[in-house]
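Q: Below: one structure in structure tokens.
What follows draws every value from the coordinates through simple rules; no lab data is involved. Here the structure is a predicted model, which means the values were calculated and not measured. Here the Cβ positions follow ideal geometry from the backbone for every residue, glycine too, while neighbour counts run over all protein chains shown.
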């Protein structure tokens, strides 16, 4: 009977939230700590999110529980690894799986074990460098791993080979084919969908461009080393959903279910809890000269340190984070107050920019509570 009652509650909540999202209502966020419920309220605007370092377990009694940290026990159900870590079980199935950083080093980077090297690279001894196995028929992997700085992995004559970055103006199909200070996008003027290597932050007002998701402006490391940007952010420009460089409108404009914010870089925030009246558009991104300079400094740092593509999730030990951390964690592009109000902060930011020793560990009390709940459920 209890299970049926809970299912009814969850179903009604899902329907209500679906209607709220369909109407594009404003958001009034509530940040929930360890052990708190993360089941969204049935009110239209109130959403519950776990604080950084915690996740919603999503079972019959949704609760904020810690992500498993480095070296801690993990599984695919309750004890999931935090961002940047993989649940790894060494050798025999009798060994306990733990959260570990894996595959975060690129070609020619110094290594100790194969686990550090991006797949399919191996740690070669006695050089202690990540390289492709000697018997490999290809020079590199389709995911981009295997090539040195200044190169990308090109498919040619039924095999993958390393080729030099393409110069500015040459046709391309992905950012990896262009230098780190360039982006693969459409030509600034004209028609057609052919993409070429363009210098980053170089498009002017009214020119054609490649839109960035708002998350790119957190400058968090990506599979492709760093995010790429088309329009001149230093001149306070952004690429709109129409693929044209625009000057952003003022934030703070009114918004509602029938009057949404004009860009993906704004969030409709409720002025008061559970009250969509007097709601306003809050800017997520600072389109300022400071932001543009921050981006330029980041990709210059990545190039100076010759950071290469690893083709997998980056970690705190990856080249760009070891050498360019200050430009990411001191980023002036993302509006941190809006991030705090809207999403309780970011697990990605928490992972990349917080020392692991300061992260909250799983408490024995919380584990005891979970065990007691499980006894009543089964």
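Q: What full-extension length gain, to one decimal in nm, is calculated for residue 37 and residue 306 as 0.36 nm per residue of separation minus the Cα-Cα distance?
A: Working it through step by step, the gained length comes to 92.3 nm.
Q: Can you give me the distance in nm between label points at residue 250 and residue 170, each placed 7 Å from the Cα along the Cα-to-Cβ direction?
A: Calculated label separation equals 4.8 nm.
Q: Here's a follow-up. Subtract the Cα-Cα distance of residue 110 and residue 258 from 0.36 nm times their separation in residues, and report this length gain in nm to one decimal.
A: Contour length minus Cα-Cα distance gives 47.7 nm.
Q: Over the range 101-164, what is the mean sequence separation of C-alpha contacts under 8 Å (at least six apart), divided by residue count, expressed as relative contact order in percent?
A: Computed over the range 101-164, the figure is 24 percent.
Q: Each label point is 7 Å from the Cα along the Cα-to-Cβ direction; what then is the distance between the points at residue 51 and residue 329, in nm?
A: 1.9 nm
Q: If you average 1/r over every pair of different alpha-carbon atoms in the range 101-164 and take one over that average, what Kirkwood value in Å do you get?
A: Value: 11.6 Å, from the Cα pair sum.
Q: Something else now. Find how much the distance from residue 235 to residue 89 grows on full extension, using 0.36 nm per residue of separation minus their present alpha carbon separation; answer in nm with one decimal.
A: 47.6 nm
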